[in-house]
Each structure stands twice: as C-alpha cells, then as structure tokens.
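Data first, discussion second: the structure below is written as structure tokens.
The values are calculated or read from the model by the stated rules, or taken from the named source; none is laboratory data. Owing to the predicted nature of the structure, the values given are computational and were not obtained by experimental measurement. All Cβ positions, even for glycine, are placed from backbone atoms using ideal geometry, and neighbour counts span all protein chains on display.
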Amino acid sequence: MDLLAHIAADDPLGRRFARRMWALAIGIFVFAGAQVLYAQMNGLPQLRRDGLDWGYDVVFYAMAAVLYGRGDRAERAGALVLGAVMALAGFDTLLDLVLKIREPRAIEPLALGFSAATAALSGFIFLGLLLPFRESRNPLVKATWLSARNSLLSSVAYASVTLVARLATSRTVEYGLDIFAAALSFQAAYIIFRDALRQRGPT
C-alpha cells in the first residue's frame, strides 16, 4: 500500500513532509502504547495519563499525512480540524488541572522524571523534523509546525521545573505550567483557524 500515492511525483518536498508525518504518527503510537501498557500493569495513573495525552499527536500527524496533497479545499478543511484538535487539547489540559486541584494526585517521582525527559526529547525531535517546512504557506503544514513549536516550548518548560514543582509542598508552579500549555494550544488553534479561513487560493 502506497501511503504517498495521492501526492504528485513533482512535489518532492510534499512527499518528504508526508513521510515524516507518518513516521511521527506511527512512532508516537508505538511509544505511547508501550507507556500506557506499562503504566497500567504497574499501577501508575499519572504515567498512564501522560501516555494517553500522546494520542493528540498521533491523530494530528496522521491526519496531516492523509490530507496533504488532496487539494486546497481538503487541506484547508484538514487544517481547521487540526486547529480544533489543538483547542480540544487546551480544554483537556484545563480540565485535568481542575481535577488535580480538586483531588491532588500522589507523586510518582520516577514516572514524572521519565515523562519530563521523553517530552523534552520529543519536542526537539518534532521541531527538527518539521524545520524544513517552517516557511510553508500551506495551512496544513503550518498547523503541524505550530504543533511542533508548542511541543518544544511546553515540554522543555515542563522538563525544567515540573519534577521539582510536583515534589514541592506548593503546586503553584505545576498549575501555572498547565495554564501555559493550555494557552499555547489555544494560541496555535487561533492562528490555524485564522490562516485556514483567510486562504482561498492554491497553496
């Protein structure tokens, strides 16, 4: 099965983009599945939650790979859907914050350290893979670039202070980081919606 059959042969950059989207989607799915399974078997609810959060990235990158090259209308529609995914991720982060405030969770130092380290590493990987496409005016490509940017900013911030914050008596910093991550998601969603709705001509 040729996953790139819908992309024109004279669009090598687009085919390269789609390959990277598929690689990210499949790689994240395998990694997150293993993390969730391990967390479930060892009774680590926070690690399981962190693993399930990767689902947004799997959907995001798989959709980008499927829709790229299928025409202006399909790509703009896909960008709008990805913007909605970003907004949903922001609301999910805020909901999780409310639940943490209402019922503080037990600290899992090793799990938190693992999540922080893998999130930071993935942020650099995502951004590095999408760096060649950062100047694209295609709304679908721009949506993935914004997602990668958010992954880097939020993951590095979390990796820098989350473990210390969660081990501390006060969780104010932890809660602030959740608000920061949600704000990034909403800001990216706004840009994606704005650019996709403005753009009407061919990419």
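Within the range 31-59, can you find the residues that are over 13 Å from Ser122 (Cβ atoms) and under 16 Å from the mean Cα position of the chain (by Cα)? Working first, answer last.
Looking only at the range 31-59, we keep the residues that are over 13 Å from Ser122 (Cβ atoms), and these are 33-34, 36-49, 52, 55, 59.
Those that are over 13 Å from Ser122 (Cβ atoms) and under 16 Å from the mean Cα position of the chain (by Cα): Gly33, Arg49, Leu52, Gly55, Val59.
Go over the candidates Ala116, Ala111, Ala143 one by one and state the one that is within 30 Å of Arg194 (Cβ to Cβ) and either surrounded by fewer than 19 Cβ atoms within 10 Å (Cβ to Cβ) or not β-branched (Val, Ile, Thr) (or both).
Values: Ala116 fails: within 30 Å of Arg194 (Cβ to Cβ); Ala111 fails: within 30 Å of Arg194 (Cβ to Cβ).
Criteria check complete, one pass: Ala143.
Of the residues Arg76, Arg48, Arg70, which single one is among the charged types (D, E, K, R) and without any contact (Cβ under 8 Å) to a residue 24 or more places away in the chain?
Sole residue among the options that is among the charged types (D, E, K, R) and without any contact (Cβ under 8 Å) to a residue 24 or more places away in the chain: Arg48.
If the Cβ limit is 6 Å and pairs must be 6+ apart or interchain, which residue in the range 1-20 that is at pLDDT 80 or above pairs with which residue that is not in a loop (DSSP other than H, G, I, E, B)?
So the pair list comes out as Phe17/Phe133; Ala18/Ala65; Arg20/Leu129.
Go through (1) crowded, with 17+ Cβ neighbours inside 10 Å; (2) modelled with pLDDT under 70 one by one and return the number of the condition Phe126 breaks.
It fails just one condition, (2).
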